[in-house]
Amino acid sequence: MTSKSFITRLQNDNGSFHELFHRHHGNPILTAQDWPYPIHSVFNPGATIFQGEVLLLVRAEDRRGFSHLTVARSKNGIDGWHIDSEPTLFPTVHQNPEELWGIEDPRITWMEDLAKWAITYTAFSQRGPIVSLALTEDFRNFVKIGPISGIDDKDAALFPRKINDKWVLIHRPIVNDSYIPGAHIWISYSEDLQIWNSQEILLHARAGGWWDSGKIGLSTPPLETTDGWLILYHGVRQTASGAIYRLGLALLDLENPSLVLHRSDEWIFGPEEAYERFGDVGDVVFPCGWLLDEANETIRIYYGGADTCVALATANLQEVLAYLHRCPGQHTNDIYQ
């Protein structure tokens, strides 16, 4: 790949940078001041369509520093939000001791075969983060399956259907193995949604000066397209002023999601506005949910800004796929060592 090809994939004819995702002019769309009960901050929502409305399952952090999840519903997914008057999904420490210090960062997947929504979330345990799973039919009653990963694992989401008769999970364990140390994105397979086998690295955190050289993790659940599974992920780079969280894209094979067809070299969205740069954790854009309007092929991403508020950005699906097809495939030998 030449330096010229690198700078032209997202370049307009006049040489300016072509933005794939466009921020909503009314951002942020939700803040702690919108909540019907006292809360410190709201961010990192999962997203789905429920009963004809946009439903966000929002991470809400209280003034102890512990998080729970609250439903916010809107007909247009922008304003007019109806927010539950109390926490919707919250830690149940007696039954789930791994939730001692809160539950965080939900991803929502509609599971056609189960006729239920699956919610993967991070349980903040005494020993570290764990991926936990809950199922629901109505976002009022939840069945907590419990932990489905080991310690120091997070950023997980399920694929919406079985592939080769197995459920598929993307997640981000911290591995201390001398051969593959670091925070990479992994893929795992299961027959029962509880025991996960055949684990392998899907995307490596890159080395050196790359924008995603520190650690990476899945952002939103995989989105099925005719071209493959569309993946949005976050990358972290440590700088002299602290960490910066930005977003990148990848495309996986539909019937073999372990196969990475394309991966963006440059980040496609990063913290620029004040509500993304300044807050409890500055310089962070962190989506956990996105929606596709199939009628006009518009993707909406709902993301946390600076761990303080909820914001919205949109993109055209075909533009995103066209961009990815100009990106290289996974080439681990020359950039990840």
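Can you tell me which of (1) in a loop (DSSP other than H, G, I, E, B); (2) at pLDDT 95 or above is the one ILE195 doesn't meet?
(2)
Run ASN256 past the list (1) among the polar types (S, T, N, Q); (2) over 27 Å from PHE50 (Cβ atoms); (3) in contact with a Lys or Arg (Cβ under 9 Å, 6 or more places away or on another chain) and report the number of the one that doesn't hold.
Unmet condition: (3).
Within the range 202-246, restricting attention to residues that are of a type in the set (D, E, K, R) and over 16 Å from TYR303 (Cα atoms), which residue is surrounded by the most Cβ atoms within 10 Å (Cβ to Cβ)? Even if it seems obvious, please write down each step before you answer.
From the range 202-246, those of a type in the set (D, E, K, R) are 206, 212, 215, 224, 227, 237, 246; that's our starting set.
Then drop every residue that is not over 16 Å from TYR303 (Cα atoms), which leaves 206, 212, 215, 224, 227, 237.
Numbers: ARG206: 22, ASP212: 25, LYS215: 20, GLU224: 15, ASP227: 18, ARG237: 21.
Ranking the qualifying residues of the range 202-246, first place goes to ASP212.
Can you tell me how many residues in the range 81-115 are assigned to a loop (DSSP other than H, G, I, E, B), under 18 Å from SER125 (Cα atoms) and of a type in the set (A, V, I, L, M)? If you could, list the steps in order and put the result at the bottom.
Start the filter on the range 81-115 by keeping residues that are assigned to a loop (DSSP other than H, G, I, E, B), which leaves 81, 84-88, 90-96, 100-102, 112-115.
Now restrict to residues that are under 18 Å from SER125 (Cα atoms): 90-96, 100-102.
If we keep only those that are of a type in the set (A, V, I, L, M) as well, we get 93, 100.
The qualifying residues number 2.
Consider the range 198-230. How many of its residues are small (Gly, Ala, Ser) and part of a strand (DSSP E or B)? Give the steps one after another, and end with the answer.
Residues of the range 198-230 that are small (Gly, Ala, Ser), as a first pass: 198, 205, 207-209, 213-214, 217, 219, 228.
Among the residues that remain, those that are also part of a strand (DSSP E or B) are: 198, 217, 228.
Qualifying residue count for the region: 3.
In the range 217-252, which residues are among the acidic types (Asp, Glu) and under 12 Å from the mean Cα position of the chain (by Cα)? Let's see the steps before the verdict.
Quick first cut of the range 217-252, residues among the acidic types (Asp, Glu) only: 224, 227.
The answer is none; no residue qualifies.
Which residue pairs have Cβ atoms under 6 Å apart, sit 6 or more places apart or on different chains, and have a first residue in the range 100-129 that is basic (Lys, Arg) and a second that is surrounded by 22 or more Cβ atoms within 10 Å (Cβ to Cβ) and not in a strand (DSSP E or B)?
Final answer for the pair search is ARG107/PRO221.
Pairs, please: C-beta under 8 Å, at least 6 apart or cross-chain, first residue at negative phi and in the range 156-180, second at pLDDT below 85?
What qualifies is ILE174/GLY182; VAL175/PRO181; VAL175/GLY182.
Can you tell me which residue among TRP186, TRP167 is touching a Pro at 6+ places or on another chain (Cβ under 7 Å), in a strand (DSSP E or B) and among the aromatic types (Phe, Trp, Tyr)? Walk me through how you get there before you give the answer.
Details: TRP167 fails: touching a Pro at 6+ places or on another chain (Cβ under 7 Å).
That would be TRP186, the only listed residue that is touching a Pro at 6+ places or on another chain (Cβ under 7 Å), in a strand (DSSP E or B) and among the aromatic types (Phe, Trp, Tyr).
What's the number of the condition ASN76 fails, among (1) without any contact (Cβ under 8 Å) to a residue 40 or more places away in the chain; (2) more than 20 Å from the chain's Cα centre (by Cα); (3) farther than 16 Å from VAL143 by Cα; (4) buried (at least 17 other Cβ atoms within 10 Å of the Cβ)?
(4)
Scan the range 305-314 and tell me whether some residue there is at pLDDT 95 or above and of a type in the set (S, T, N, Q). Full working, then the answer.
From the range 305-314, those at pLDDT 95 or above are 305-314; that's our starting set.
In the following step, the residues that additionally are of a type in the set (S, T, N, Q) were identified as 308, 314.
Taking every residue of the range 305-314 in turn, at least one turns out to be at pLDDT 95 or above and of a type in the set (S, T, N, Q).
Any idea which of (1) in a strand (DSSP E or B); (2) surrounded by fewer than 17 Cβ atoms within 10 Å (Cβ to Cβ) is the one GLU255 doesn't satisfy?
(1)
The values are calculated or read from the model by the stated rules, or taken from the named source; none is laboratory data. All values reported here derive from a predicted model rather than from experimental measurement. Ideal geometry is used to build each Cβ from the backbone, glycine not excepted, and the neighbour counts take in all protein chains shown.
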